[in-house]
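In what follows, a single structure is set out as C-alpha cells and then discussed.
The values are calculated or read from the model by the stated rules, or taken from the named source; none is laboratory data. Keep in mind the model is a prediction, meaning the values are calculated, not measured. Here the Cβ positions follow ideal geometry from the backbone for every residue, glycine too, while neighbour counts run over all protein chains shown.
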Amino acid sequence: MSQRYAIRLAGRLDAESRDAFAGMQMRFEEGMTILVGEGDQAALHGWLELIRSLGLELVDVRKVRGGLPFIQNR
C-alpha cells in the first residue's frame, strides 16, 4: 500500500545527495532538509538505506498527507 512519507535530515544536502533523491519533493528549513515522497514499505526502506549509504543524519520519518509539511511537534 502506497503512503506519503516526510523524511527529515540534518543539514542541507549537497548536489550529489539531492540527485540521489530526484523525484521527491525537497525543502530546506530550520537547518534541516525535508524530503517528501510516496511509496510502499519497500520504497521507504530503500530511501532509508540510501540515507545510510550517503552518510546522512536521519532526524525522523513521518507519514503525512498532502505536500511538504511544516516542521512542527518536535
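Brief remarks follow.
- Residue pairs meeting the criteria (Cβ under 8 Å; at least 6 apart or on separate chains; first more than 17 Å from ASP14 (Cα to Cα), in region 49-64; second not in a strand (DSSP E or B)): VAL61/LEU44; VAL61/LEU48; ARG62/PRO69
- Some residue of region 20-27 being of a type outside the set (Lys, Arg) and under 14 Å from GLN3 (Cβ atoms): yes
- SER53 over 8 Å from the mean Cα position of the chain (by Cα), modelled with pLDDT of 95 or more and not basic (Lys, Arg): yes
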